[in-house]
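The values are calculated or read from the model by the stated rules, or taken from the named source; none is laboratory data. Given the structure is predicted, the values throughout are model-derived calculations rather than measurements. Positions of Cβ are backbone-derived with ideal geometry, glycine not excepted, and every protein chain shown enters the neighbour counts. Just the protein is used for accessible areas: all its heavy atoms, side chains included, with ligands, DNA and RNA removed. Shrake-Rupley method; radii C 1.70, N 1.55, O 1.52, S 1.80 Å.
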Amino acid sequence: MANLVAEHIVGGERVSGGSKNGQLAVRNPATGEPIGHVPSGGIEVALRAVAAAKSAFPGWANTPVGDRVQCLFRYKQILEANLNDIARVVVTEHGKTMGEAIGSLRRGIDCVEYATAAPVLIMGNTLPQIAVSTSFCRTEDQGGVGLDSQIDRVPLGVCLGITPFNFPVMVPMWMWPMAVACGNTFVLKPSELDPLSTSMTIDLCKDAGFPAGVINLVHGGAEVAKALIAHKDIRAVSFVGSTRAGAEIYKDAAAAGKRVQCMCGAKNHSLIMPDANREAAVDGVLGSAFGNTGQRCLAGSVVVCIGDSADWLVPSLVHAASKIRVGPGCEAGVGMGPLVSEAAQKRVLSYIEQGLKSGATLALDGRKASMPKTGFFVGPTIFDHATPDMSIVREEIFGPVLSVMRAKTLDDAIAMANQSEYGNMAVIFTDSGNAVRRFTRTIQAGMQGVNVGVPAPMAVFPFSGWKSSFYGDLHANGEDAVRFFTDSRVLVTRWI
Ligand code: NAD
């Protein structure tokens, strides 16, 4: 796959960046080779995209919601028909295996399906006879006129999405399908690292019958995102990405009077009780730590072994992880692809050095894995005897590095996990209902799992990160998304 080119999509038209702004090269991380490009530095295009979304808003907001969701029903069919082609582009520009790419697309389609329920989801409520007016009008048998009240959910206007590289199709679908189903129009600024598959999916909106300007796409880096966030006509900002960027965006967007939700970075803990089903624990930890090459906000990158569970868990993990085939995601039998970029590879290698310097035991060295010489590969890496103060435990590595800590009791393990700055997810492997109850009530993480490695919520549930994993009030997906993308309007009526 070579020379893939995508453009901005503004007002239903593909717009090239113009020679002045240059291009952003997109690379295949499995080879390091350029495979295509998108226009860069589109601030002027970004302003046009907001204008297109603004002018499309009144017509789209007035389109009956039942008609709006017909576009999403058609869009879902189009995605199904193009699933393998889109997945191949995800594999080529991001590095996922084909199975991971298809799985992520299915999760994106799940969001589209949920958004088709908008006619029910945005339905309001009424409460008749909230009061009786006796001041000057007396009817209803002279007892007074009744007052009724209702609440409607109405769209906001132009909404903005800023998305990360790690799920270039799925994460944008946490945002725009529900936003437009609710009657908003949308501007999306995808990651500059793998924007080709995102572009492909937005390009398909036209075939689904979305009117021009309802969904717009602008390429570029942080400078384009910042210009969009600051734009006076943007009403709401939905961001997914690092805590560093999310904290800044939350502050800036809120100061500019915008509604904002920022789903951010993570460092997730998997707790293993001595009574856990061993096969399920090994399988769950392995998939969670090394799936998507560890580039997942739900990656379980720290294990806390309780009691003597490390005695069987660590050797089994090392054995199973050393068997994962590392290579290009397009090859059959490959279990783990490359990291997204050379910078990501360097960062992960530097954390392996930091782990060694801090005194953790390198039980499996991913630098020595059998893997291609070109491309941005690092093999599965496991540190044992890690402690909460080490950077490999505290910081988000966002790569295939798993750190194992040891605790005497469940309460000690929970206390160690709760030292984390982050609170995206935590899981426990055990057969004990009592342990599960203590865990779920005291662990500080908004997404929790029991005997599940990656407790990813389906689209009907919110993506509920806590602490530095989230800034805002309403999360992505679930009922939260409906409320995030609508305003409440309350009406009180009296018929005299
Ligand atoms: P990133 O923060 O570098 O970039 C994300 C997006 O924000 C990109 O579109 C980028 O161009 C833009 N951006 C970067 N800096 C910005 C700034 N200062 N102002 C405005 N826009 C800016 O993140 P990434 O490396 O692409 O993605 C990985 C991160 O995303 C990880 O931390 C991961 O945990 C997180 N993530 C979180 C969730 C979640 O739901 N909590 C889901 C997926 C990924």
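What to note about this one:
- Inside region 345-375, residues that are over 19 Å from Thr387 (Cβ atoms) and among the hydrophobic types (A, V, I, L, M, F, W, C) make up a count of 4.
- Hits in region 267-293 (condition: within 25 Å of Phe470 (Cα to Cα) and β-branched (Val, Ile, Thr)): Val285, Thr293
- Ala181 vs. criteria surrounded by 24 or more Cβ atoms within 10 Å (Cβ to Cβ), closer than 19 Å to Asp67 by Cα and out of contact with any strand residue (DSSP E or B) (no Cβ under 8 Å at 6 or more places or on another chain): yes
- Test: residue in region 443-453 that is within 16 Å of the ligand (Cβ to nearest atom), open to solvent by 20 Å² or more (accessible area, probe 1.4 Å), farther than 29 Å from Met273 by Cβ and more than 15 Å from the chain's Cα centre (by Cα): no
- Contacts under 6 angstrom Cβ, first residue in region 454-466 being farther than 16 Å from Gln444 by Cα, partner part of a loop (DSSP other than H, G, I, E, B), 6 or more apart: Val454/Leu298; Ala456/Leu298; Ala459/Asn477; Pro462/His475; Pro462/Asn477
- If the condition is being of a type in the set (Val, Ile, Thr) and open to solvent by less than 20 Å² (accessible area, probe 1.4 Å), then region 408-424 contributes only Ile414.
- Within region 188-208, considering residues that are in contact with a helix residue (DSSP H, G or I) (Cβ under 7 Å, 6 or more places away or on another chain) and farther than 25 Å from Phe57 by Cα, the one nearest to the ligand (Cβ to nearest atom): Asp194
Condition check ((1) touching a helix residue (DSSP H, G or I) at 6+ places or on another chain (Cβ under 7 Å); (2) away from the ligand (no atom under 16 Å from the Cβ)) across all residues:
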residue	(1), (2)
Ile78	yes, yes
Leu83	yes, yes
Gly95	yes, no
Glu100	yes, no
Arg106	no, yes
Ile122	yes, yes
Leu127	no, yes
Leu147	no, yes
Gly161	yes, no
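- Residue check for Met405: surrounded by 16 or more Cβ atoms within 10 Å (Cβ to Cβ), farther than 20 Å from Thr92 by Cβ and away from the ligand (no atom under 16 Å from the Cβ): yes
- Among the conditions (1) in contact with a Pro (Cβ under 8 Å, 6 or more places away or on another chain); (2) in a strand (DSSP E or B), Asp480 misses just one, which is (2).
- Residue match in region 192-203 (condition: open to solvent by less than 10 Å² (accessible area, probe 1.4 Å), closer than 20 Å to Phe463 by Cβ and not in a strand (DSSP E or B)): yes
- Among residues of region 209-225 being among the β-branched types (Val, Ile, Thr) and within 16 Å of the ligand (Cβ to nearest atom), the one that is surrounded by the fewest Cβ atoms within 10 Å (Cβ to Cβ) is Val224.
- First in region 417-438 and farther than 12 Å from Gly300 by Cα and among the β-branched types (Val, Ile, Thr), second anywhere and open to solvent by 10 Å² or more (accessible area, probe 1.4 Å) and outside any loop (DSSP other than H, G, I, E, B), Cβ under 7 Å, 6 or more apart: Thr430/Val436; Val436/Val450
- Matching residues, region 32-89, being under 28 Å from Leu121 (Cα atoms) and among the basic types (Lys, Arg): Lys54, Arg68, Arg74, Lys76
- Taking region 91-116 as the range and being charged (D, E, K, R) and open to solvent by 40 Å² or more (accessible area, probe 1.4 Å) as the test, the residues that pass are Glu100, Arg106, Arg107, Glu113.
- Residue count for region 55-90, restricted to those that are open to solvent by 80 Å² or more (accessible area, probe 1.4 Å) and hydrophobic (A, V, I, L, M, F, W, C): 2
- Of the strands (runs of 3 or more DSSP E) lying entirely inside region 242-361, those carrying at least 2 residues that are within 13 Å of the ligand (Cβ to nearest atom) are 259-263.
- Flag if Thr185 is of a type in the set (Val, Ile, Thr), more than 16 Å from the ligand (Cβ to nearest atom) and outside the structural domain of Val237 (by TED's automatic domain parsing): no
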